[in-house]
Every structure is written in structure tokens, then in C-alpha cells.
Amino acid sequence: MKVKVISENEKKTKILMTETTPEEANAIRRTIISEVPVLAIEDVVVVNNSSAMYDEMIALRLGLIPLKTDLKLLNLPEKCSCKGKGCNKCRVEYFLKEKGPKVVYSGDLKTETGFEPVFKDIPITKLMEGQEVNIKCIAVLGKGLEHTKWSPGLAVHSYVPVINVKKHTEKEAKECIKHCDCEAIKLEKGKIVIDNDKLIYSEIKDSCLDACKNILDVKWDDTRIIMTIEPWGQIDAKTMFNEATKILKENYEEFLKEIKKLN
């Protein structure tokens, strides 16, 4: 498999995978969503909560706040040298101590580490005059297989289109281009022209395919696959992809070991 980043920003990254198969791409996609570990609040100790919201609801909201994660500095509890007892290599402490009147946001969570909330404006609860919350939280690495709060983001994949242009009139071409905003499909001298280099960067909408069905013969190349990754912010898309391939390799090697035991 060959991999190339074709577009990238904080919210979305597109990766072109060539010389691959749909099965390989789907295995990476599923691993990104369910097995790449990130940090999330797991244990909540409520010292005081006089707000109108139940302790359990506050704990639920705290658990769903995305937290900055560095997989080089943190270990999964079960793989840590402390054997899951809890140390600064596998757990992060947060403190929430606020008095009303005010709205308590995710940005009010305090920690002595650099693993701060990704978003500072997620509301947790509202405090009236005289109300307060005093809470201690413990965050650990986990996987989306166990709970979605440990999922690092979304990942989807699609095939690169292969378009063949049929014979058509200038009138048909103009009608087609009127409904098609794909950068790879253009009108030149009364004819529809396909820019194959831009096809991997473009999205072809159903409205375009419907309007141009008499002109465009669209097929899909399942050996060239575009993976679109949208992180929640705990880790970036490249880390998500690289960690997924690493985990897949480890899982495969473990599978081979188990097979050898059976033989």
C-alpha cells in the first residue's frame, strides 16, 4: 500500500491509498474509530455538588469532553509498568471547583499537565447564587471498543472515480455543467472535459451524476481509495492513521501466534 496526504486541516484530512484493497482500507477505518486510544475522564469523585444537576449527569458530561492526548507520554492502564494501579504515566488528574452564579464550562477543568480540554466552551452545569461544585476527576487512556468517549474521531473511505465521457451535444454539455460543481468536470468549447488529476480532490454529487447520466459513464477504482479522517481533537489525523496501521500489525502478529499454538 502507498499512502499520500492530498488535503489537510485541523478539521479534516484526506489520504489517498493506492495499490490496496477495500478490505485493507476498511480494516484501517475500523481500527481508527475503535482501537486507537485517547484520553477521557473515567473516575469522578464529587466532593460537593449543590447544583440542580445530579452527580451522575455531571460525571457523564465530564466523560464526553475531548482531552488533548500524547500517546508518547501515556500508557494504557493494562500496559503500564504500574500494572493498572495508577501512576503519572497512565492517569491524569483534573479538578473542577467553581461557585455561582455562573455557567461552568469545560475550560474550568484544571490540570497540572498539558492534557487540557480540546474545547473550552462545552457547558457542564449552571450554578445559581450560593451553589457550587467541587469535583476531582481521573482520566485514563481507553479505546472506542469499550466506550465511544475514547474514540478519536470519524473515518470514512471512498473509491476514486474513473469517468468516461460519451458523445454529446453542446446543449447536453451545458445542461450537465449547470448541475455539476465538481472541479474535475469542466466545459471547454462546448464539450465536457474531465481533469483526471483533480478527481481525487473532488467530490461528485448525486445531483451531478443524475444530470449528466447520458454523458458521463462513472466507474469506481477500488485499488485507489480515499480515506477521510475527522478528528475530535485529542490527536491529529496523521497520528490516528499511523497508530491504526501499527495496531493492525500488532493484532495480525498476535493472530499468527495463536494460529501456531493450535498447530
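Among the numbered criteria (1) farther than 29 Å from residue 153 by Cα; (2) assigned to a helix (DSSP H, G or I), which single criterion is violated by residue 254?
Result: residue 254 fails condition (1) only.
Please work out if residue 245 is outside the structural domain of residue 76 (by TED's automatic domain parsing), β-branched (Val, Ile, Thr) and in contact (Cβ under 8 Å) with a residue 24 or more places away in the chain.
In short, yes.
For region 15-48, which residues satisfy the criterion of being crowded, with 18+ Cβ neighbours inside 10 Å and over 17 Å from the mean Cα position of the chain (by Cα)?
Within region 15-48, 17, 20, 41, 42, 44 meet the criteria.
Could you identify the single residue in 203, 183 that is touching a Ser or Thr at 6+ places or on another chain (Cβ under 9 Å), farther than 17 Å from residue 155 by Cα and part of a loop (DSSP other than H, G, I, E, B)?
183
List the residue pairs whose Cβ atoms are under 8 Å apart, where the first residue sits in region 169-186 and is of a type in the set (D, E, K, R), the second is modelled with pLDDT under 85, and the two are 6 or more positions apart or on different chains.
Sorted first by the residue in region 169-186, then by its partner, the pairs are 175/211; 178/211; 181/205; 181/208; 183/198; 183/201; 183/202.
Taking interchain pairs and intrachain pairs at least six residues apart, which have beta carbon atoms under 9 angstrom, with the first residue in region 78-96 and of a type in the set (A, V, I, L, M) and the second surrounded by fewer than 16 Cβ atoms within 10 Å (Cβ to Cβ) and outside any loop (DSSP other than H, G, I, E, B)?
Hits for this filter: 92/138; 96/110; 96/134; 96/136.
The conditions are (1) among the hydroxyl-bearing types (Ser, Thr, Tyr); (2) in a strand (DSSP E or B); (3) crowded, with 18+ Cβ neighbours inside 10 Å, and residue 239 fails exactly one of them. Which is it?
Result: residue 239 passes all but (2).
Can you name the residue in region 187-232 that is acidic (Asp, Glu), surrounded by 12 or more Cβ atoms within 10 Å (Cβ to Cβ) and free of Cβ contacts under 8 Å to residues at least 40 places away in the same chain and, of all such residues, is nearest to residue 164 (Cα to Cα)?
So the residue we want is 195.
Which number in (1) over 30 Å from residue 41 (Cα atoms); (2) assigned by TED's automatic domain parsing to the domain that holds residue 45 marks the one condition that residue 161 misses?
So the condition that residue 161 fails would be (2).
Could you grab me the full set of residues in region 133-172 that are touching a helix residue (DSSP H, G or I) at 6+ places or on another chain (Cβ under 7 Å) and either of a type in the set (Lys, Arg) or part of a loop (DSSP other than H, G, I, E, B) (or both)?
Answer for region 133-172, where residues must be touching a helix residue (DSSP H, G or I) at 6+ places or on another chain (Cβ under 7 Å) and either of a type in the set (Lys, Arg) or part of a loop (DSSP other than H, G, I, E, B) (or both): 143, 144, 145, 149, 151, 152.
Working carefully through the options 125, 111, find the one that is in contact with a Phe, Trp or Tyr (Cβ under 7 Å, 6 or more places away or on another chain) and among the hydroxyl-bearing types (Ser, Thr, Tyr).
Going through 125, 111 in turn, just one is in contact with a Phe, Trp or Tyr (Cβ under 7 Å, 6 or more places away or on another chain) and among the hydroxyl-bearing types (Ser, Thr, Tyr): 111.
The values are calculated or read from the model by the stated rules, or taken from the named source; none is laboratory data. Small disclaimer: the values here were computed from a predicted structure and weren't measured. For neighbour counting, all protein chains shown are included, and Cβ atoms are generated from backbone atoms with ideal geometry for every residue, glycine included.
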